[in-house]
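Enquirer: Submitted below is the structure of interest, expressed as structure tokens.
The values are calculated or read from the model by the stated rules, or taken from the named source; none is laboratory data. Just so it is clear, the structure is predicted and the values come from calculations on it, not from any experiment. Note: ideal-geometry Cβ built from the backbone for every residue, glycine included; neighbour counts use all protein chains shown. These area figures cover heavy atoms from the full protein model, side chains too; ligands, DNA and RNA do not enter into them. Shrake-Rupley method; radii C 1.70, N 1.55, O 1.52, S 1.80 Å.
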Amino acid sequence: MQNLLDFDATALAEWFAERGEKPFRARQVLRWMHRFGEADFDAMTDVAKSLRLKLKEAACIVPPLVARDTLSIDGTRKWLLDVGNANAVETVFIPETTRGTLCISSQAGCALDCAFCSTGKQGFNRNLSAGEIIGQLWLANRLLGADPAGERIISNVVMMGMGEPLANFDNVVSALRLMLDDNAYGLSRRRVTVSTSGIVPAMDRLREACPVALAVSLHAPNDALRDTLVPINKKYPLKELLAACERYLVSAPRDFITFEYVMLDGVNDHDEHARQLIDIAHQVSCKFNLIPFNPFPNSGFERSPSGRIKRFSQILQDAGIVTTTRKTRGDDVDAACGQLAGQVKDKTRRTQQRVVPITQVHQ
Ligand code: SAH
Ligand code: SF4
């Protein structure tokens, strides 16, 4: 059975063509599937009955399985998805007054092992398929229901969940194309953001394949420190990363890169670090988003005190750099940055307990 969620518009049209079906039929099904969130071929009433029968025999529309659905007191909603073999990933919806943002995962675990990241500590399990990635948006749309005023509930998507999106390039790009496709979700490129720890060649490929807004996890202003926090820096050091950012900006939908900067007490939050960041901001058009560190067991890091974060932010702002500090949301349901599925598989526990059944998560 072919899961049609795995196809972007082009791939779906090809699959239809191989079966002697016209491109407009593929478009009809694409619209039913993504615009209207329909999974039942029988409900696709303007699709010829003979084609519906054919589809039922050869294809299915199956999103990932929801293992847990949690609502935080601040309105943040988190879905834990069972992607098989005791692997779980998370999708988080963050409602705000002017927008609704869905944070999507791209991999079960992550191989890049950033020092302060609980996903990194789990190690890498596997890439999500294109269907599992777009399936998160498909599911969230269905589960959030329609807005009574007809407004879009999900207006923005950020690839900031578990995993490094650019290390799962083809599947992520397929999913991005569906997000942007008018027959699917029709989101503006400016409202879809890929966050990367800085895989330079893949940044160049993204620029060519599907330029969307880009966030780069900077986290340190110099190579010596960044090598210790974001190990991929040893392969693609700051000079190369910043050059890739500049190249990206040539075709990016926004005229700045968002630099994410996790605030780690006593590690990367000194005045001197902020001053070094000013030099970087002079090289690349950027905005800064400071992320108060979200602790997890045995991380070895503490969150910078709020006064320190304010001062750090002020130094950047005084230099004319737009700087925001991310509100920590969904703390009570472990949905804050870096806490996703933190208790599903934990390297430190792996020796005692190789697999934690999904049903035991978050107990
Ligand atoms: N792999 C991608 C995207 C996922 S992580 C990346 O690294 O950019 C999304 C953001 O959360 C990244 O900036 C990441 O560095 C940050 N993050 C990871 N662990 C965190 C933690 N414990 N507290 C706060 N932010 C964290
Ligand atoms: Fe992977 Fe991003 Fe976590 Fe680094 S911060 S380990 S790249 S998910």
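Enquirer: Anything in region 311-338 that is modelled with pLDDT of 75 or more and either outside any loop (DSSP other than H, G, I, E, B) or open to solvent by less than 30 Å² (accessible area, probe 1.4 Å) (or both)? List them, or say none.
Expert: Arg311, Phe312, Ser313, Gln314, Ile315, Leu316, Gln317, Asp318, Ile321, Thr323, Thr324, Thr325
Enquirer: Still on this structure: Select from region 280-306 the residues that are charged (D, E, K, R) and either outside the structural domain of Ser217 (by TED's automatic domain parsing) or free of Cβ contacts under 8 Å to residues at least 40 places away in the same chain (or both) and list them in ascending order.
Expert: Residues satisfying the conditions are Lys287, Glu302.
Enquirer: Further, regarding this structure: Scan region 25-46 and tell me whether some residue there is crowded, with 16+ Cβ neighbours inside 10 Å and assigned to a strand (DSSP E or B).
Expert: No - not one qualifying residue is present in region 25-46.
Enquirer: Here is a further query. Looking only at region 300-310, filter to residues that are open to solvent by 20 Å² or more (accessible area, probe 1.4 Å) and not in a helix (DSSP H, G or I); which one of those is nearest to ligand 2 (Cβ to nearest atom)?
Expert: Only one residue tops the list, namely Phe301.
Enquirer: So which of Ala17, Ala9 ends up being under 24 Å from Val172 (Cβ atoms), open to solvent by 10 Å² or more (accessible area, probe 1.4 Å) and outside the structural domain of Thr101 (by TED's automatic domain parsing)?
Expert: Step by step, each of Ala17, Ala9 is checked, and only Ala9 is under 24 Å from Val172 (Cβ atoms), open to solvent by 10 Å² or more (accessible area, probe 1.4 Å) and outside the structural domain of Thr101 (by TED's automatic domain parsing).
Enquirer: May I ask you to list the residues in region 47-65 that are open to solvent by 60 Å² or more (accessible area, probe 1.4 Å) and β-branched (Val, Ile, Thr)?
Expert: Result: Val62, single match.
Enquirer: Which of (1) closer than 21 Å to Met160 by Cα; (2) in contact with a Gly (Cβ under 9 Å, 6 or more places away or on another chain) is the odd one out, the single condition Phe256 does not satisfy?
Expert: All conditions pass for Phe256, except number (2).
Enquirer: Looking at region 98-120, is at least one residue under 27 Å from Asn289 (Cα atoms), assigned to a loop (DSSP other than H, G, I, E, B) and away from ligand 1 (no atom under 16 Å from the Cβ)?
Expert: Taking every residue of region 98-120 in turn, at least one turns out to be under 27 Å from Asn289 (Cα atoms), assigned to a loop (DSSP other than H, G, I, E, B) and away from ligand 1 (no atom under 16 Å from the Cβ).
Enquirer: Does Val172 count as assigned by TED's automatic domain parsing to the domain that holds Arg190 and outside any helix (DSSP H, G or I)?
Expert: no
Enquirer: Here's another thing I want to ask about it. Thr91 - would you say it is part of a strand (DSSP E or B), touching a residue at least 40 places away in the same chain (Cβ under 8 Å) and either more than 16 Å from ligand 1 (Cβ to nearest atom) or surrounded by fewer than 24 Cβ atoms within 10 Å (Cβ to Cβ) (or both)?
Expert: For Thr91, the condition - part of a strand (DSSP E or B), touching a residue at least 40 places away in the same chain (Cβ under 8 Å) and either more than 16 Å from ligand 1 (Cβ to nearest atom) or surrounded by fewer than 24 Cβ atoms within 10 Å (Cβ to Cβ) (or both) - is not met.
Enquirer: Only one of (1) open to solvent by less than 50 Å² (accessible area, probe 1.4 Å); (2) away from ligand 1 (no atom under 16 Å from the Cβ); (3) within 25 Å of Asp204 (Cβ to Cβ) is not met by Ile154, so which one is it?
Expert: The one condition Ile154 does not meet is (3).
Enquirer: Checking Thr98 against (1) over 22 Å from Leu65 (Cβ atoms); (2) open to solvent by less than 20 Å² (accessible area, probe 1.4 Å): exactly one of these is not met. Which one?
Expert: (2)
Enquirer: OK, next. Restricting to region 244-289, give me the number of residues that are surrounded by fewer than 21 Cβ atoms within 10 Å (Cβ to Cβ), touching an Asp or Glu at 6+ places or on another chain (Cβ under 8 Å) and in a strand (DSSP E or B).
Expert: The total comes to 1.
Enquirer: Now a separate question. Which residues, counting only those in region 68-84, are touching a residue at least 12 places away in the same chain (Cβ under 8 Å) and surrounded by fewer than 20 Cβ atoms within 10 Å (Cβ to Cβ)?
Expert: Arg68, Asp69, Thr70, Leu71, Ser72, Ile73, Asp74, Gly75, Asp82
Enquirer: Of the residues Arg190, Arg226, Arg207, which single one is open to solvent by 10 Å² or more (accessible area, probe 1.4 Å), out of contact with any Cys (no Cβ under 9 Å at 6 or more places or on another chain) and either farther than 14 Å from Asn156 by Cα or free of Cβ contacts under 8 Å to residues at least 60 places away in the same chain (or both)?
Expert: Arg207
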